[in-house]
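Have a look at the structure below before the remarks.
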Amino acid sequence: MLRGDVMRVSTDTVWQWLSEVPDPEIPVLSLTDLGVIRDVRWDEGTLVVTVTPTYTGCPATAVINLDIETKLRSCGIADLRLEQKLSPAWTTNWLSVEGREKLREYGIAPPAETRGQEDGETQARVARLAGLKNLVVACPRCGSRNTEKISQFGSTPCKAAYRCRACLEPFDYFKCH
Amino acid sequence: MIQESDLIASDILYEWLLRRGDTALILGHRVSEWCGHAPVLEEDIALANIALDLIGQARLWLGYAGEVEDKGRGENELAFLRDAWDFRNVLLAEQPNGDFGKTLMRQFLIDAWQDALLSALKTSANERIAEIAVKAGKEVTYHLDRSSDLVIRLGDGTQESHRRMQAALDALWPYAGEMFSADAVDEAMAAAGLAPNPQTLRPGWDETVGEVFKQATLTQPQSDFAHKGGLTGRHSEHLGHLLSEMQFLQRAYPGAAW
């Protein structure tokens, strides 16, 4: 293939390629499922991919950037620039519908549904406050709603630790953010 | 009306950004000292995650401070190549961890202040400050939920946990006032619409911590005495010891890169 042809690939194709890159910590999700890719565009001959961090200190951020670069270079993109964008801040509302299902099948309870709400932050806060009392997180294994929170932090910054009182299995809950 | 360009030329914006970045960095490092030592696994993980958030926030503030200073220093140079007198964190952040109760109380006092400060900064006239505040604010809200919950559970817990939480509050209270002190830097930032005057955050903070202490059955100290100096580079002896560990690699092997 001529290099010129590669440079003309549509941004749709690039999105397709990026949907094949797994999140380094939750590999069942792709980067596009996670919602961290905010924009793909051509700037003259340079492909510009805009990425937003999930959490400011998330150690996976550097790995995500490296994985994006590795993938796109392997697809023949020679001229590439990654840009970081903080605003608007990432929210779990950007997790794709497929991503939420994949999480559940993987054994991680997806974040409480606040999709369709204008103000995701307020909703997240409500869910969090309710979490101290009566937020119901269904067990991703047996589906029971008889679960309890063990800790506000789980194996990664984006998750909390829960336990199912029915099947007695511990599980991660992907927090509203 | 003070213009943003004046604040940059006079180093006021730079100084103010260091206060934000250094407080997050030093507290983040302190909290990270718990890694592998916390009383239970869940708390060990929680502390490590909070430390990560804080260090991530420090990177955003210090990265911007380096750009404003415009002398070729980035987040790494600012974090690892300055000595104690160049740091602008509040004294409370550098206080030693002590026991788990003291660590938690320090976190709670700072979380409640950061929550109020970042909320106010979301409407800063400086877009970059507002962006960082929105991002960091989401994380700090979560930190505050956790620390206030634990202060209540331990304060209103066993006789021993109550005793430790009260001792922590009594020991740390004299360091709280510095978070609300205002000097020429704060006044200029407020006049330009870039940041709130810290004094205006005090009533809301008093209400938050007062309510939590009440539920935690803890007695809030009455004295208003406040240790100050961290924001202008006069630190307690603890900061030097902290830096000797945090900056060890760059001190021993100057210029070493990963």
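The values are calculated or read from the model by the stated rules, or taken from the named source; none is laboratory data. This one's a predicted model, so the numbers in the text were calculated from it and none came from an experiment. All Cβ positions, glycine included, derive from the backbone under ideal geometry; neighbour counts span all protein chains shown.
Restricting region A:40-74 to residues that are more than 20 Å from A:Cys158 (Cα to Cα) and among the charged types (D, E, K, R), the residue that is nearest to the other protein chains (Cβ to nearest Cβ) is A:Glu69. Against the test of being over 16 Å from B:Glu94 (Cβ atoms) and under 19 Å from the mean Cα position of the chain (by Cα), the options B:Thr217, B:Thr200 yield a single qualifying residue, B:Thr200. Of the residues making up region A:131-170, those that are of a type in the set (Gly, Ala, Ser), in a loop (DSSP other than H, G, I, E, B) and modelled with pLDDT of 85 or more are A:Ala138, A:Gly143, A:Ser144, A:Ala166.
Table: residues versus (1) over 17 Å from B:Val90 (Cβ atoms); (2) in a loop (DSSP other than H, G, I, E, B); (3) out of contact with any helix residue (DSSP H, G or I) (no Cβ under 6 Å at 6 or more places or on another chain); (4) among the β-branched types (Val, Ile, Thr).
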| residue | (1), (2), (3), (4) |
| --- | --- |
| B:Ser124 | yes, yes, no, no |
| B:Ile132 | yes, no, no, yes |
| B:Ile152 | yes, no, no, yes |
| B:Gly157 | yes, yes, yes, no |
| B:Arg163 | yes, no, yes, no |
| B:Met179 | no, no, no, no |
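Scoring B:Ser119 on the criteria (1) in a helix (DSSP H, G or I); (2) within 17 Å of the chain's Cα centre (by Cα); (3) buried (at least 20 other Cβ atoms within 10 Å of the Cβ) leaves a single failure, condition (3).
Within region A:34-68, which residues are farther than 20 Å from B:Lys138 by Cβ, among the charged types (D, E, K, R) and either touching a Cys at 6+ places or on another chain (Cβ under 9 Å) or not in a loop (DSSP other than H, G, I, E, B) (or both)?
Of the residues in region A:34-68, the ones farther than 20 Å from B:Lys138 by Cβ are A:39-49, A:62-63, A:65-68.
Narrowing further to those that are among the charged types (D, E, K, R): A:39, A:41, A:43-44, A:67.
Result: A:Asp39, A:Arg41, A:Asp43, A:Asp67.
With respect to the conditions (1) within 11 Å of chain A (Cβ to nearest Cβ); (2) part of a loop (DSSP other than H, G, I, E, B), B:Gly63 falls short on a single one, namely (2). Close Cβ contacts (under 6 Å, 6 or more residues apart or on different chains) running from residues in region A:49-70 that are free of Cβ contacts under 8 Å to residues at least 60 places away in the same chain to residues that are in a loop (DSSP other than H, G, I, E, B) comprise A:Thr50/A:Lys85; A:Val51/A:Val36; A:Thr52/A:Val36; A:Thr52/A:Lys85; A:Thr52/A:Trp90; A:Thr61/A:Pro53; A:Val63/A:Pro24; A:Asp67/A:Val21.
Within region B:213-233, if we keep just the residues that are in a helix (DSSP H, G or I) and in contact with an Asp or Glu (Cβ under 9 Å, 6 or more places away or on another chain), the residue that is farthest from B:Ile152 (Cα to Cα) turns out to be B:Thr232. Evaluating B:Leu52 against the criteria (1) in a loop (DSSP other than H, G, I, E, B); (2) within 14 Å of chain A (Cβ to nearest Cβ) leaves one unmet condition, (1). Just one of the numbered conditions (1) modelled with pLDDT of 85 or more; (2) within 22 Å of B:Ala46 (Cβ to Cβ) is not true of A:Arg128: (1).
Among the conditions (1) part of a helix (DSSP H, G or I); (2) within 14 Å of another protein chain (Cβ to nearest Cβ); (3) surrounded by fewer than 20 Cβ atoms within 10 Å (Cβ to Cβ), the only one that B:Gly28 does not satisfy is (3).
Taking the numbered list (1) away from chain A (no Cβ under 12 Å); (2) crowded, with 24+ Cβ neighbours inside 10 Å in turn, B:Val140 passes all entries but (1).
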